[in-house]
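S.K.: Encoded as structure tokens, here's the structure I'll be asking about.
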Amino acid sequence: MDGAIFDSHSHVDAPEFDSDREAVLKRAEAAGVRQQLVPAVDHAGWSKLKSICATWPGLLPAYGLHPMFLDRHRPEHLDALQLWIEREHPRAVGECGLDFFLDGLDVQAQRMYFRRQLEIARDFDLPVVLHARRAVEEVIATIRSVGRLRGVVHSYSGSEEQARQLFELGFLIGIGGPVTYERAKRLRRIVGTAPLECLLLETDSPDQPDSLHRGQRNEPALIVAVLDSVAALRRMDPAALAEATSRNARQLLGLAS
């Protein structure tokens, strides 16, 4: 798998891809993307996600309840998640987390769903895929409180000190399109100096396109722009970076190297 790329956060099950998913996945393959972790966002989407991942080699499902879609969640979905994971044996739990950026999201409800999903991940000994928008500090505190966890904070937007704390807790950070923007100085500084074994590459397709595709639908093939930006910041050969970050993803998810 020399030089192959692992997109550690891709929502290729999203409705934005329903009309051309096959073409999107073929472009990803042509760009060198060999594996993608595809996290769920709500209970209603689990079956569709499962079907898509079963149809296309290299797509790995994760199941969870995303904080931005709080209005779709019900407490009983947490029980359903536990049963679903017991039956389906996914590689990760998520996407879950906290979002203190969007107005109108019930903070207490977010905390309840988040903590319970962390407990489920801990009980099944699975990594978690975390969303933390303006909430990194509380996410770290909750990780510490639940204990015995590992995973990735995707689309990392915290500080250098918060990144250091996450690394010490056994968490990685996911780096996507935002790193390609020159104004993202703090993120670019973190990416340039963080331990290589703590980095994953991602697209968050169809969201967060790179600077050359601002305002357009993102897709997994465009991870090459992320790879090139991170490689330049770290003064690395892109193929070596692709292999290292892919190895990080496979190790986190318990996949054979």
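Readers should treat all values here as calculations from the given coordinates under stated rules, not as data from a laboratory. All values reported here derive from a predicted model rather than from experimental measurement. Quick reminder, even Gly has a Cβ in these numbers, built from the backbone with ideal geometry, and neighbours come from all protein chains shown.
S.K.: Ranked highest first by the average count of other Cβ atoms within 10 Å around their residues, in what order do 219-225, 30-36, 106-112 fall?
M.R.: 219-225, 30-36, 106-112
S.K.: Determine the relative contact order of the chain: mean sequence separation of Cα pairs under 8 Å and six or more apart, normalised by residue count, in whole percent.
M.R.: The value is 22 percent.
S.K.: Using +1 at the Cβ of each Lys and Arg and -1 at the Cβ of each Asp and Glu in segment 5-146, identify which of PHE100, ALA14, LEU118 lies farthest towards the dipole's positive end.
M.R.: So the residue we want is LEU118.
S.K.: What size of dipole, in debye to the nearest 20, comes out for segment 60-135 about its Cα centre when the only charges are +1 on Lys and Arg C-beta atoms and -1 on Asp and Glu C-beta atoms?
M.R.: 180
S.K.: Oh, and also: Would you work out which of ALA231, LEU172, LEU201 lies farthest towards the positive end of the dipole of segment 119-257? Charges go on Cβ: Lys and Arg +1, Asp and Glu -1.
M.R.: Result: ALA231, furthest along the dipole toward the positive end.
S.K.: Straight distance only, please: which lysines reach the Cα of LYS26 with their own Cα at less than 24 Å, same-chain residues fewer than 8 apart left out?
M.R.: LYS48, LYS50
S.K.: Taking the Cα centre of segment 25-164 as the origin, how large is its charge dipole in debye, to the nearest 20, when only Lys and Arg (+1) and Asp and Glu (-1) carry charge on their Cβ atoms? Walk me through the intermediate numbers first.
M.R.: Numbers: 19 positive and 18 negative charges, 91 e Å.
Rounded to the nearest 20 debye, it is 440 debye.
S.K.: Using only Cα positions of segment 34-177, each an equal point scatterer, no hydration layer, compute I(q)/I(0) via Debye at q = 0.15, 0.16 Å⁻¹ and quote the log10 values to two decimals.
M.R.: Each listed q maps to, in turn, -0.70, -0.80.
S.K.: Mind checking the alpha-carbon convex hull of segment 56-106 and giving the volume per residue in Å³?
M.R.: Value for segment 56-106: 99 Å³ per residue.
S.K.: Follow-up question, since we're still on this one. With a cut-off of at most 13 other beta carbons within 10 Å, and DSSP calling the residue loop, which GluC sites (Glu not before Pro) in segment 172-246 qualify? Please list them. Working shown, then result.
M.R.: On the way: sites: GLU182, GLU197, GLU202, GLU243; in loops: GLU182, GLU202.
In loop regions of segment 172-246 (DSSP not H, G, I, E or B), the sparsely surrounded GluC sites (Glu not before Pro) are GLU182.
S.K.: Rounded, prolate or oblate for segment 131-219? Axes are the square roots of the Cα gyration tensor eigenvalues, ordered a ≥ b ≥ c, and the cut-off for rounded is a/c under 1.5.
M.R.: Prolate, because a/c is 1.5 or more and a/b exceeds b/c.
S.K.: Please report the equivalent ellipsoid semi-axes of segment 195-257, computed as sqrt(5 x eigenvalue) of the Cα gyration tensor, largest first, in whole Å.
M.R.: 22, 15, 8
S.K.: Could you tell me which trypsin sites (Lys or Arg not before Pro) in segment 176-245 are loop residues by DSSP with no more than 16 other beta carbons within 10 angstrom of their beta carbon?
M.R.: Hits after loop and neighbour filter: ARG183, ARG214, ARG217, ARG235.
S.K.: Are there chymotrypsin sites (Phe, Trp or Tyr not before Pro) in segment 140-219 that DSSP marks as loop and that have at most 10 other Cβ atoms within 10 Å, and which are they?
M.R.: none
S.K.: Taking each pair of different alpha-carbon atoms in segment 17-108 once, compute 1/r for the pair, average those values, and report the inverse of that mean as the Kirkwood hydrodynamic radius in Å to one decimal.
M.R.: Across segment 17-108, the inverse of the average 1/r is 14.5 Å.
S.K.: On to the next question. Find the percent of Cα-Cα distances in segment 3-58 that exceed 12 Å, and round it to a whole number.
M.R.: 66
S.K.: Report the charge-dipole magnitude of the chain in Debye, nearest 20, computed about the Cα centre from +1 at each Lys and Arg Cβ and -1 at each Asp and Glu Cβ.
M.R.: Values: 31 positive and 36 negative charges, 101 e Å.
Here the chain has a charge dipole of around 480 debye.
S.K.: Let me ask something else about it. In Å, what is the Rg of the alpha-carbon atoms in the chain, and how long is Dmax?
M.R.: 16.8, 48
S.K.: Using only alpha carbon pairs under 8 Å that are at least six residues apart, calculate the relative contact order of segment 1-125 and give it in whole percent.
M.R.: The normalised contact order for segment 1-125 reaches 22 percent.
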